[in-house]
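Q: Pasting a structure below so you can have a look.
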Amino acid sequence: MKLRLLFIRLKVVLLLLIVSQFAGAAEKPETQQFNFNFTNTTLEVVFEEIESTSSYRFFYNPDAINTSERISINAQNLDINSLMDKVLMGTDIGYHLQKHQIALYEKSTAIPVEQEEQDTGILIEGRVTDENQMPIVGASIIEKGTFNGIVTQFDGQFKLKVKDADAEIEISSIGYFSQTLKVGSQTKFDVSLQEDVEQLEEVIVVGYSTQKKENVTGSVAAVKGDDIVDVPATTISNSLAGRMPGVIVTNSSGAPGADEATIRIRGFDNPLVIVDGVETEFNRLDPNDIASISVLKDASAAIYGARAGNGVILVTTKRGQAGKTTVKLSTSYGAQSSIIRPEYVNATQYMDLVNDYAPGTYLDDDYSPYLNGQKQSTDWYGETFRDSAPIFRGNVNVSGGSEKVRYFLSYGYMDQASILQSNATNYNQHNIRSNINVNLTNNLELRLDLAYRQENRMEPGVSLGEIMTLTSFSNPMVPAYYPDRSYPVDNGSNLIGPNFVSRRDVSGYNKNDYGNTSANVVLNYKMPFLKGMSAKAFFNYTAWDTRGKHWQTDYSFYHYDESSDIYSEIVAKDISQITLTESYNQGKSITSQFFLNYDKTFGDHTIGALLLGEFISSDGSFVGATRGSFISSAVDQMYASSTERQNTEGFAWQDGRASFVGRLNYNYKEKYLAEATFRYDASPRFSEDHRWGLFPSFSLGWRISEENFLKNSEIVDNLKVRASVGKSGYDGIGNFNYLTGYIYGDAYVVNGSPTAGLVTKGMANPKATWETMTMYNVGVDFGLFKGIIYGEFDAFMRTREDILGKRDQSLPSTFGAYLPDENINSQVAQGFELLLGHKKTIKNFKYDISGNVSVSKSKWDHYDEPEYLDDETRARYQQSGQYVNRYFGYKALGLFTSDEEIKGWADQDGDLNNGVNHDIQPGDIKYLDYNGDGIINDLDKHVIGKGSIPEIFYGINVMLQWKNFDFSMLWQGASGFNVVFSQEAQQPFYNKATPLAMFMDRWTEDNNDPNAKFPRTVANSGNPNNYDKESSFWLQDGSYFRLKNVSLGYSLPTRIANKIGMENLRASVSGLNLFTFTDVYPFDPETPTGGRGWDYPQQKTVMMKLDLTF
């Protein structure tokens, strides 16, 4: 039996603790009596039976101890020593018993745990660590060719007396490659062992359990919590970018407290997120609390049924391990700034553009003050945002325990300021977690998990979104401040509202506080009367609430007459502007799960089975109130206003689910693998006749590398092929749509006036049911040359049937009633994923370089649409059978350069009464007459590009380590999509906006270039027939390549850290989003509305970090 490295380390730690405290003392045997009857049974099964019926635990080197030997014994009323003597009689296996720990060894090569005294020789000492400079406990230090040896202690330290300078020592530990060193003149050794992937037997979290990675038959990607803890991202989703094939991460905002990324698994939105067994969000977890994250991408997700159609993300938090108490302290501080800074025109450029379409508006006298320095242009973006804002993160956690009780306790804090030039903007977060395991008896374990999170967000009275919008509407010729800053500036001539910089500072505040409390209670019982059978009961209670308070104050704005130095009030204070809105939103959920598990090995056959019942209920409510008749802005409380202008609102909700789950695993010699699952789900969103859905899956795997013809190959270490098919679902439809009902509204007109009252909410559909997704997947995992080269490849297809939609295309608009959702549409998606890596250790230098790519495309198999009257219309507009990610529009052929060219071209202004192209001028966009009928209209639209969702994502990971230095970087890229410039990015003065500086690269009479970047300048919303057309002129290739994360760290040598009372000390500096290569300037290609620039910019971050372990 190969023991998992985690369990091995745990057992070695416990044994060494006992040995160090009771060395040389006789241990009193336990009084427990054993009764076994084994016939032709392997030692592996015997050891498992002893462990399952007692508190004894075995540890041994699986390469040295042959547990496949078979024995037959009848043991009645024997203590542990007598039982072990009988079990091992006639074998070459000996044992050491220390309390409840049983260490097995080969009798012929037995090495004492403590070295016998030698009168002569050389004393050497040192420390053995892993690749992360953490001590390896229980590593063997052997003088080669002798029985002289020792094992490392808790801190990885050892001392050994060898014969002479010609001696060689061999350092080995289970789960690591061995090293042999010659002593020579050296007496101190710091040794770092490289992990042996084959021995590690990495454990992956899958649906409701764990599996050895080598036995997983589905497409499951995983990342360890320690791999993301150094990423200076504020959310977990942003930490995952580029790390796993098929996991697509994009971010559209950097606003404090609202900078979560969007995760798509194989291009599919909204995956289900499970944290420690409970559906919840995971972005605001403290990364220091996370043990692992697994992503189920294929049929492996089907075990979660109705909510797993777009994949599943499983997050497991850390737990304590038996051993000494470990205290870890992590603190980091850094700065954030915008990844892209939009540049707007200055005052003289602004006047140039205005004069383009209205010559003579600005004269030399208007330019002179700016050219000679008497006046300065206002940089509104600079006035809005500061160059950088501080961010702080800290965490302290304590873990450890005994065999009976293990604990992990953690507190984390984050404070994130905004780059907005306002002290009123801030976000902070507190995370508290306690995970405790208690062995109540030898067979009954209690797990108690408590977690609390508090989020506090403060913004100005005017929203961040409004500030971002108004930034683009601010005239560079209007000052942000007057000489006397106590007078807020009035609006410029082109502003759609008051000066937002002043408004930002005097508009009040918007405060939101969020709290989340979660408690898990788990009982796990191993049935001693039925070997391999266990039962588990899981209960979770989660409660959350949000309290909001939005205080908007009154303000006045002024105009400043520079010649008279007089400030005149333009917009007077108005107490009617004062409003206070308070809200309270709360909810809770209760999850109950009841498990029966069976895991048993019969010779070469291993069977695992699971039966589960899961029941979820949740409810919540919302209440909000607004008052507006305040006497003054001095008191921000409801009682300080009258009841003349007030409004209240509120609602309550409840939800519930029931599910029954089953799984059967089988493997033969860990070579041939099979798994089948089912889930029977009930959703309250459908009528009783269509409420339940069955979601099965099946998968197979073949570990070819375990076959005799490959098992001893010097090239192939690991080769596994796998295939799976599974069905999952989606119930994204409103509650009670299967019932007719009524709502309040102004829907009926009586005597020419809308009448409020109860009105029907539309037609019901009692036959609506689940959307179903069937995922087909084939894949291969491989490792070559002892893990030096490794990789994965998956090809997949997903059919999505019974997609809910309204039949508003195939039915006429005169139908009258509000149409219900029906199961009418279907899609097919297909793609592939590839991961390829190379890693190696060369003396003190180690590297690991890998790349991954994901490709996914979807098409409509059937889409509800009208009956097309002719083939031309059908070819242009039909969705069924076409790819989803398409963009329709006109093909642009550059710009017109002369009146003659315009007159000779197809009509594209639609005003034939005044002659062909009467409104078109040189410098306007020229469009292709696609069908050649002499008229540019909708009949000339065709597919000219991709949509906004990338079809190709890729990532590159680099990890380097030399002695105590470590370096890593991660790049993410995307292609196969387009960004559309629209509105303010199309027309420089759109809706009175202030032009972006990029519009200076425009067509003019002096720059009569048909390939100029932008057309001639037009007035506010001018020439819509030419500018506003959806065309390739405004379509930008959205491809980008971004340095998502880079880190450089240094770990203090252990011997120095130990001298100052620490186990480990590491200092590092890291960066996030530092460089981006893209043609989409000045916008962020990850932002869906990147073509307008109205989003709070994504942030690049540089942080310094210090990690201490005691």
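The values are calculated or read from the model by the stated rules, or taken from the named source; none is laboratory data. Nothing here was measured: the structure is a model prediction, and the numbers come from that model. When we count neighbours, we look across all protein chains shown, and the Cβ atoms used for this are built from the backbone with ideal geometry, even at glycine.
Q: Out of curiosity, is ALA233 surrounded by fewer than 22 Cβ atoms within 10 Å (Cβ to Cβ), of a type in the set (A, V, I, L, M) and either part of a loop (DSSP other than H, G, I, E, B) or in contact (Cβ under 8 Å) with a residue 24 or more places away in the chain (or both)?
A: No; evaluated as a whole, the condition is false for this residue.
Q: Which one of PHE698, PHE622 is assigned to a strand (DSSP E or B), more than 30 Å from ASN215 (Cα to Cα) and of a type in the set (Phe, Trp, Tyr)?
A: PHE622
Q: Regarding ASP911, is this residue closer than 30 Å to GLY932 by Cβ, among the acidic types (Asp, Glu) and at pLDDT below 90?
A: Yes, satisfied.
Q: Then there's this: Of (1) within 24 Å of LYS297 (Cβ to Cβ); (2) among the aliphatic types (A, V, I, L, M); (3) part of a loop (DSSP other than H, G, I, E, B), LEU811 satisfies all except one. Which?
A: Looking at each condition in turn, LEU811 falls short on (1).
Q: Further question: Within segment 625-662, how many residues turn out to be among the acidic types (Asp, Glu), surrounded by 12 or more Cβ atoms within 10 Å (Cβ to Cβ) and part of a loop (DSSP other than H, G, I, E, B)?
A: Count: 1.
Q: If you don't mind, there's one more thing I want to ask. For segment 68-78, name all the residues that are closer than 24 Å to GLN33 by Cβ and either β-branched (Val, Ile, Thr) or surrounded by 14 or more Cβ atoms within 10 Å (Cβ to Cβ) (or both).
A: Selection gives ILE71, ILE73, ALA75, LEU78.
Q: Would you mention how many residues in segment 1041-1053 are surrounded by 20 or more Cβ atoms within 10 Å (Cβ to Cβ) and closer than 30 Å to LYS946 by Cα?
A: The qualifying residues number 3.
Q: Let me ask something else about it. Looking at GLY373, GLY400, GLY382, which is the one that is of a type outside the set (D, E, K, R), more than 25 Å from SER472 (Cβ to Cβ) and outside any strand (DSSP E or B)?
A: GLY373
Q: Among the numbered criteria (1) surrounded by fewer than 21 Cβ atoms within 10 Å (Cβ to Cβ); (2) of a type outside the set (Ser, Thr, Tyr); (3) touching a residue at least 12 places away in the same chain (Cβ under 8 Å), which one does ASN423 miss?
A: So ASN423 meets the others, but not (3).
Q: On to the next question. For VAL191, all conditions in the list (1) farther than 30 Å from ASN667 by Cβ; (2) of a type in the set (Val, Ile, Thr); (3) in a loop (DSSP other than H, G, I, E, B) hold save one; what is the number of the exception?
A: (3)
Q: Scanning segment 1054-1066 for residues that are outside any helix (DSSP H, G or I) and either without any contact (Cβ under 8 Å) to a residue 40 or more places away in the chain or surrounded by 17 or more Cβ atoms within 10 Å (Cβ to Cβ) (or both), which turns out farthest from the chain's Cα centre (by Cα)?
A: ILE1060
Q: Any residue at all in segment 963-971 that is surrounded by fewer than 20 Cβ atoms within 10 Å (Cβ to Cβ) and of a type in the set (Phe, Trp, Tyr)?
A: There is at least one residue in segment 963-971 that is surrounded by fewer than 20 Cβ atoms within 10 Å (Cβ to Cβ) and of a type in the set (Phe, Trp, Tyr).
Q: OK, next. For segment 182-195, which positions are within 48 Å of the chain's Cα centre (by Cα) and either more than 16 Å from LYS144 (Cβ to Cβ) or at pLDDT below 85 (or both)?
A: Within segment 182-195, THR187, LYS188, ASP190, SER192, LEU193, GLN194, GLU195 meet the criteria.
Q: Can you go through ASN437, ASN456 and tell me which one is in a strand (DSSP E or B) and within 30 Å of ASP554 (Cβ to Cβ)?
A: So the residue among ASN437, ASN456 that is in a strand (DSSP E or B) and within 30 Å of ASP554 (Cβ to Cβ) is ASN456.
Q: Only one residue in ILE102, ILE71, ILE50 is of a type outside the set (S, T, N, Q), closer than 26 Å to TYR525 by Cα and modelled with pLDDT of 85 or more, so which one is that?
A: Selected residue: ILE50, the only one of ILE102, ILE71, ILE50 that is of a type outside the set (S, T, N, Q), closer than 26 Å to TYR525 by Cα and modelled with pLDDT of 85 or more.
Q: Quick test for you: out of THR772, THR841, pick the one residue that is surrounded by fewer than 19 Cβ atoms within 10 Å (Cβ to Cβ), hydroxyl-bearing (Ser, Thr, Tyr) and assigned to a strand (DSSP E or B).
A: THR841
Q: Give all pairs with beta carbons closer than 9 Å in which a residue from segment 259-277 that is more than 18 Å from ARG243 (Cβ to Cβ) meets a residue that is among the acidic types (Asp, Glu); count only pairs at least 6 apart in sequence or on separate chains.
A: Listed pairs, sorted by first residue: LEU272/GLU279; VAL275/GLU281; ASP276/ASP449.
Q: Criterion first (under 26 Å from the mean Cα position of the chain (by Cα), surrounded by fewer than 18 Cβ atoms within 10 Å (Cβ to Cβ) and more than 30 Å from PHE965 (Cβ to Cβ)) does ALA829 satisfy it?
A: The answer is no for ALA829.
Q: Here's a follow-up. Select from segment 633-684 the residues that are within 19 Å of LYS727 (Cα to Cα) and either in contact with an Asp or Glu (Cβ under 8 Å, 6 or more places away or on another chain) or basic (Lys, Arg) (or both) and list them in ascending order.
A: Selection gives ARG657, ALA658, SER659, PHE660, VAL661, ARG663, LEU664, ASN665, ARG679, SER683.
Q: Would you confirm, using the coordinates I've provided, whether SER252 is surrounded by fewer than 22 Cβ atoms within 10 Å (Cβ to Cβ) and either in contact (Cβ under 8 Å) with a residue 24 or more places away in the chain or part of a loop (DSSP other than H, G, I, E, B) (or both)?
A: Answer is yes for this residue.
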